[in-house]
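The values are calculated or read from the model by the stated rules, or taken from the named source; none is laboratory data. Worth saying up front: this structure is predicted, and the values here are computed from it rather than measured. All Cβ positions, even for glycine, are placed from backbone atoms using ideal geometry, and neighbour counts span all protein chains on display. For accessibility, only protein heavy atoms count, side chains too; no ligands or nucleic acids. Shrake-Rupley method; radii C 1.70, N 1.55, O 1.52, S 1.80 Å.
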Amino acid sequence: MAKSHIKNSFINIIIAIFVVFAITLYFYFLKFDGNITGFFRIGSILPISPFLNAENTLIYQGEIGYDGQQFLSLALDPFLQNPETINSLDHPVYRYRRILYPLVSYALALGNRSLIPYMMVIINAISIVLIVGLTNLYFKSDHVSKFQSLFTLCIPGVWMVLSLGTADLFSSVFLIASFYCYRYEKYKLTALFISLGCLTRETLLIVWFALFLTSLLQRKFKQIQYLLWALIPPIFWTVYISFLNLPGKVRVKDNFGFPFMGIINKLTNILTGGFSGRNLFEAYMFFILLLSFATIFIIYFKHRQPNFLMQIGNSFYGLMFVFSSITILGYYLDYSRVFMDVYFLLLLSINLTRIPYKTILFSASGIGSLAFLILHS
């Protein structure tokens, strides 16, 4: 059984490497004309990093840019040595809290700023392969399909994040690693990985709460102790940032509002948006996300014990979804990325029924991924 699992894991990883390598090259040569800065969706409205040459940078005219632009600016100057770096950030306090991805990129590139954009793309590409490998490990004691981890490649947000240079894939590696360690009672590693995840993207505090509440309900008091220790690095970093007197503020008010208002506004926009290809794709992606929330609950209802942590996490993300404003829910690139971890919770859910809920939903997600890869520009 062990040899068979190792063989299947190896095959899955090889397939993942091939697919990720091919799609990365597809983005680089066909979508971005061999310009690595294309991965970061740099707009013309905000100032670009002082360490970028505007003539050699792929800039989307008339656009404000995307989060990848902010991560790239930080990776080029993670210690904020050049004051112009702060000017290139839309919300410096908010952006600087997500330090791990740009800092690791800077470190692995040995501070070579010409290599940093490439390193950031490599980290995201490797993250996809790591997610496949970790998912294989998660299912090592279950009688599930040997190719189940390859559902990772069907998740639309995976390719969106790869093409936009954001930190979400890197943080999702820590999420899945922490869930794997929790399941197999590796208490210290569970705390370490979720702590690193919170330093990558502060929204992973949702996952920390899910782990904490699950530990409490399952009486894993030793795990609770380590989870409390895990909060020290993110808290320390937040306190440190407060002493820097950076301009800007944490953007909570714009992203969240009254419950269900964002969802109602989104559904209204879809229903009144006509039958254009863009609106139909928006509707498709939004309903795939809604079905993902529902499917996790259905699987949990049928198999409560092995999926308890997944349902707790799903509940917290569901609460976040309910309070999300149209700022997050208005565009598929935003909600597909912000709630990408919901797909990973579904991926880790153990379904032993004859109805292949996950296969059906991830197949539908794969259609969305193909449409994005082919049509997005």
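Can you pull out the residues in the range 107-116 that are farther than 15 Å from residue 50 by Cβ and outside any loop (DSSP other than H, G, I, E, B)?
Here is the first cut: in the range 107-116, the ones farther than 15 Å from residue 50 by Cβ are 107-112, 115.
Within the range 107-116, 107, 108 meet the criteria.
In contact (Cβ under 8 Å) with a residue 60 or more places away in the chain and either assigned to a helix (DSSP H, G or I) or touching a Leu at 6+ places or on another chain (Cβ under 6 Å) (or both) - does that describe any residue in the range 218-236?
no
Being surrounded by 15 or more Cβ atoms within 10 Å (Cβ to Cβ), part of a helix (DSSP H, G or I) and either in contact with an Asp or Glu (Cβ under 7 Å, 6 or more places away or on another chain) or at pLDDT below 95 (or both) is true for just one of 206, 270. Which residue is that?
270
Out of 218, 223, report the one residue that is buried (at least 20 other Cβ atoms within 10 Å of the Cβ), modelled with pLDDT of 95 or more and at negative phi.
One residue alone meets the criteria, 223.
Across the range 180-198, what is the total count of residues that are touching a Lys or Arg at 6+ places or on another chain (Cβ under 9 Å) and open to solvent by 70 Å² or more (accessible area, probe 1.4 Å)?
Number satisfying all stated conditions: 1.
Residues 294, 283, 230: which one is open to solvent by less than 50 Å² (accessible area, probe 1.4 Å) and either β-branched (Val, Ile, Thr) or farther than 30 Å from residue 357 by Cβ (or both)?
Step by step, each of 294, 283, 230 is checked, and only 230 is open to solvent by less than 50 Å² (accessible area, probe 1.4 Å) and either β-branched (Val, Ile, Thr) or farther than 30 Å from residue 357 by Cβ (or both).
Which condition does residue 342 not pass, out of (1) β-branched (Val, Ile, Thr); (2) crowded, with 21+ Cβ neighbours inside 10 Å; (3) part of a loop (DSSP other than H, G, I, E, B), if it passes all the others?
The number of the failed condition is (3).
For the range 119-140, check the following and say yes or no: at least one residue is more than 30 Å from residue 181 (Cα to Cα), in contact with a helix residue (DSSP H, G or I) (Cβ under 8 Å, 6 or more places away or on another chain) and either modelled with pLDDT of 95 or more or not in a loop (DSSP other than H, G, I, E, B) (or both).
no
Being of a type outside the set (Lys, Arg), open to solvent by less than 10 Å² (accessible area, probe 1.4 Å) and out of contact with any strand residue (DSSP E or B) (no Cβ under 9 Å at 6 or more places or on another chain) narrows it down to one residue among 132, 104; which is it?
When all the criteria are applied, what remains is 132.
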